[in-house]
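J.: One structure follows; several queries about it will come next.
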Amino acid sequence: MKLFGSLFNKDLEVFAKNLAQDLAKRYPPTLENAPEKKISLKRVTMVLEDAVGKAVKFNKEQKLGVLGKAKLGNTFRWELKELGYSDGFVEVATEALIVYITRAPGEPAPPPAAKT
């Protein structure tokens, strides 16, 4: 396992920012923060899955190490915050990204969280 990978690669930072901006085009922060203009959970899930899929592909191509994955997640997180998303959405989106880029190839997706 590579520890540093593409950590210092400027492409990683550009990719993470573009990923957040692409997400914002499909699910703008104004929709996320406006209770009267909610879109379906299915649509939000599809947008997040698409973003996470792009991150997984980038990870496979760049062979990110542990620190590279951390930098990807943190840059993505801060870009979402800067774009105006709520803290809750930022946490969910970033957690999804980190979970999926750190899974071993072929490992099944984690089960959905139980609702209480």
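J.: Out of all the residues in region 82-94, which are part of a helix (DSSP H, G or I) and over 12 Å from the mean Cα position of the chain (by Cα)? First the steps, then the outcome.
T.: So in region 82-94, the residues part of a helix (DSSP H, G or I) come out as 82-83, 87-94.
Within region 82-94, E82, L83, D87, G88 qualify.
J.: Take the conditions surrounded by 15 or more Cβ atoms within 10 Å (Cβ to Cβ), at pLDDT below 90 and among the hydroxyl-bearing types (S, T, Y) and apply them to S6. Does it pass? Before you say what the answer is, go through the steps one by one.
T.: Working: surrounded by 15 or more Cβ atoms within 10 Å (Cβ to Cβ): yes; at pLDDT below 90: yes; among the hydroxyl-bearing types (S, T, Y): yes.
In short, yes.
J.: Considering each residue of region 62-78, count those that are touching a Leu at 6+ places or on another chain (Cβ under 8 Å), of a type outside the set (S, T, Y) and part of a helix (DSSP H, G or I), and give that number.
T.: Qualifying residue count, region 62-78: 8.
J.: Also: Can you find, within region 46-68, the residue that is nearest to T30 (Cα to Cα) among those that are buried (at least 18 other Cβ atoms within 10 Å of the Cβ) and touching a residue at least 60 places away in the same chain (Cβ under 8 Å)?
T.: Among them, the one singled out is G68.
J.: Same structure, new question: Quick check on my filter: what residues within region 63-80 are touching a helix residue (DSSP H, G or I) at 6+ places or on another chain (Cβ under 7 Å) and small (G, A, S)?
T.: G68, G73
The values are calculated or read from the model by the stated rules, or taken from the named source; none is laboratory data. Given the structure is predicted, the values throughout are model-derived calculations rather than measurements. Don't worry about glycine lacking a Cβ; one is built from the backbone with ideal geometry, like all the others, and counts go over all protein chains shown.
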